[in-house]
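To start, the structure under review is shown below, and the notes come after it.
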Amino acid sequence: MPDRTVSDVIVAGLSSWGVEYIFGLPGTTCLGLVDAIRRQEGMTFVKVRHEEAAALMASAYAKLTGKVGVCLTIAGPGATNLITGLYDAKMDRAPVLAITGQVKLQYVGPGSFQEIDQDALFNSFCVFNKTINSKEQTIELVTLALRHALVERGVSHLAIPNDIQKEPLEADIEPMEGRVPDFRISNTRLVERAVGLIEEAERPVIIAGWGAKDQRDNLIKLSERIKAPIITTFRAKGIVPEDSPLSLGVLGDVGTPMARRCVGDSDLLLVFGSSFSEKTNIPRKRTVQVDIDPMNLAKGFPIELAILGDCGVVIEQLLDRVGERETQTVSEDVRTEKREWHDQLEKEADSWRAPLRAPFIFKVLREVIDPDAIIAIDVGDNGFWFGRNFLMNGQTLLMSGYLATMGFGLPAAIAAKLASPDRQV
């Protein structure tokens with residue numbers, strides 16, 4: 001056996017790009033890679049019982065950490081079973097690399113055992129999709145697959161024929177440093193315009209989406225500075241603790257009445273990291289929108305000001321420039337409505353009522369779940385009740401947002417525990 005193989009080079013390269021876990025199901029056409037994972041220090045293969053779970057784990061891991069989530073399967077049916085999980089990553093813009101085995105090169109094409117056209121299968125939804133047909137292609141194609149997944153925040157796919165995996169190769173994939181651009185960008189001129197719009201507004205409202213998930217402290221500072229309430233999308237529920245004075249909960253189908261009312265009464269929406277889903281129902285109003293994805297800007301309708309940039313950078317720049325607002329922007333009616341809403345949730349959760357009902361279950365969960373827990377929810381009525389009745393107080397929510405596929409919860413919870421072993425999941 002050679003000292004190093006194509007598989008060894010690939011797995012070592014993944015490790016140098018920060019990959020610690022590969023989720024998958026071993027089989028004949030990917031054993032070269034599985035053996036390389038076993039030999040690689042600091043790399044763990046997480047074995048599943050169905051390939052869809054591997055893809056969902058990779059998607060959840062990527063959503064939570066921002067790192068590339070990696071899944072591995074055999075050719076043919078292993079590849080086809082990945083599709084739902086990979087579509088979840090595609091639709092929620094999670095960086096994922098799917099690696100599939102393939103039959104030996106000499107058997108590709110005529111319809112051999114477990115041989116399908118994997119290039120065609122993955123081409124419709126991947127940001128990068130190639131087959132490594134020679135060992136000389138390894139370095140460039142693996143690097144491109146990782147770069148595309150991170151830069152375009154989508155799914156990359158590599159198919160690797162069984163015989164190519166085991167060929168000798170003495171080479172190294174260079175680490176990530178210097179290969180991925182810094183996305184902490186902004187536009188100072190547009191930020192200055194945003195400051196002017198904020199100072200002109202009498203009833204500004206902040207709407208925070210998943211793209212602002214790491215900006216809790218700065219969002220609260222901005223909210224307190226300009227006296228603007230914070231409302232989130234469902235996927236971003238919990239970015240700001242829902243018992244905070246200026247938090248009005250979720251906007252949209254599972255939202256709160258005071259969120260809808262406050263947005264309706266506003267004269268300026270400050271939208272950070274939201275893709276304007278129809279489930280959120282952001283109305284057509286005077287809007288300042290910040291997003292790192294240019295296609296999300298003004299996605300639903302023309303807006304007053306679109307800022308292409310990182311939410312964290314832009315919020316920090318706003319905090320450096322915007323003045324302290326003296327007058328309260330949230331009406332007493334809205335504050336009263338918030339108190340009445342919380343009273344209503346408590347009333348619905350009355351433990352003396354039978355049979356056992358969802359509001360009571362979520363009240364109990366609020367009492368036992370840690371403030372810094374990661375909550376992975378599945379899809380269905382449980383999600384509706386969670387969005388409506390569970391008040392988050394610092395926890396992180398992990399969900400299948402746009403695809404809303406059932407079966408997400410358990411794989412996501414496993415991935416979350418691997419990513420954050422010290423937190424309750």
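Only the coordinates and a few stated rules stand behind these numbers; no lab work does. This one's a predicted model, so the numbers in the text were calculated from it and none came from an experiment. Positions of Cβ are generated from backbone atoms using ideal geometry, with glycine treated the same way; all protein chains shown enter the neighbour counts.
The orientation-averaged projection of the convex hull spanning the C-alpha atoms of the stretch 188-336 amounts to 7.5 square nanometres.
Sparsely packed loop sites in the stretch 1-82 (the GluC sites (Glu not before Pro) outside DSSP H, G, I, E and B with at most 11 other Cβ atoms within 10 Å) comprise GLU41.
Summary value for the chain: 15 percent relative contact order, contacts being C-alpha pairs under 8 angstrom separated by 6+ residues.
A straight Cα-to-Cα reach below 22 Å connects LYS221 with the lysines LYS213, LYS237, LYS338, residues fewer than 8 places away in its own chain not being considered. Here the chain is scanned for chymotrypsin sites (Phe, Trp or Tyr not before Pro) in DSSP loops (not H, G, I, E, B) that have at most 16 other Cβ atoms within 10 Å, and the longest stretch holding none of them is 184-351.
Shown in residue order for the stretch 53-68 are the 3J(HN,Hα) couplings computed by the Karplus curve 6.51 cos²θ - 1.76 cosθ + 1.60 at θ = phi - 60°: 4, 4, 5, 5, 4, 4, 5, 4, 4, 5, 4, 6, 9, x, 7, 6 Hz (x for Gly and Pro). Note on the stretch 331-397: with charges restricted to the Cβ of Lys and Arg (+1) and Asp and Glu (-1), its dipole about the Cα centre is near 140 debye. Across the stretch 104-234, Cα-Cα distances exceeding 21 Å account for 63% of all pairs.
If the segment from GLU177 to ASP350 were pulled out straight at 0.36 nm per residue, it would be longer than the present Cα-Cα gap by 56.8 nm. Restricted to Cα atoms, the stretch 350-419 shows a radius of gyration and a Dmax of 12.8, 39 angstrom. Using +1 at the Cβ of each Lys and Arg and -1 at the Cβ of each Asp and Glu in the chain, identify which of GLY401, LEU319, PHE23 lies farthest towards the dipole's positive end. The listed residue farthest towards the positive side: GLY401. Annotation for ARG286 and ALA120: the two label points, set 7 Å from Cα along the Cα-Cβ direction, are 5.5 nm apart. Taking the centroid of alpha carbons for each part, the stretch 118-145 and the stretch 199-233 are 41 Å apart.
Available extension along the chain between THR28 and LYS417 is 137.1 nm, counting 0.36 nm per residue and deducting the alpha carbon span. Comparing mean-square fluctuations of ARG325, ARG353, ARG93 from a GNM of the chain with C-alpha springs under 10 Å, the top value falls on ARG353. Here the 3J(HN,Hα) profile of the stretch 252-260, calculated from phi with Karplus coefficients 6.51, -1.76 and 1.60 at θ = phi - 60°, is x, 4, 10, x, 9, x, 6, 5, 4 Hz, Gly and Pro shown as x. Determine the sum of side-chain charges near LEU197: Lys and Arg each +1, Asp and Glu each -1, restricted to other residues whose C-beta is under 13 angstrom from that of LEU197. Result for the local shell: -1. Under 1.5 on a/c is rounded, so check that first for the stretch 220-283, then, if it is not, pick prolate when a/b is larger than b/c and oblate when it is not; a ≥ b ≥ c are the square roots of the alpha carbon gyration tensor eigenvalues. Taking the square roots of the gyration eigenvalues as a ≥ b ≥ c, the stretch 220-283 is rounded.
Ignoring lysines fewer than eight residues from LYS47 along the same chain, the ones with Cα atoms less than 23 angstrom from its Cα are LYS63, LYS67, LYS90, LYS166, LYS417.
Can you give the net charge of the other residues whose Cβ lies under 15 Å from the Cβ of ALA79, counting K and R as +1 and D and E as -1? Every neighbour counted, the sum reads -4. Relative contact order, whole percent, for the stretch 350-419 stands at 35, derived from Cα pairs under 8 Å and 6 or more residues apart. Calculated mean residue ellipticity, 222 nm, the chain: -11500 deg cm²/dmol, from DSSP H runs (n ≥ 4) at -39500 (n - 2.57) each, averaged per residue and rounded to 500.
From the largest down, the chain spans 75, 59, 37 angstrom on the principal axes of its Cα atoms. Between GLU20 and THR44, the distance separating the two model label sites (each 7 Å from Cα on the Cα→Cβ line) works out to 0.8 nm. Taken along the Cα-to-beta-carbon direction at a fixed 7 Å, the label points for GLU202 and THR188 span 3.4 nm.
For the stretch 81-88, putting each phi into the Karplus relation 6.51 cos²θ - 1.76 cosθ + 1.60 with θ = phi - 60° gives couplings of 6, 6, 4, 4, x, 6, 5, 4 Hz, in residue order, rounded to whole numbers and with x for Gly and Pro.
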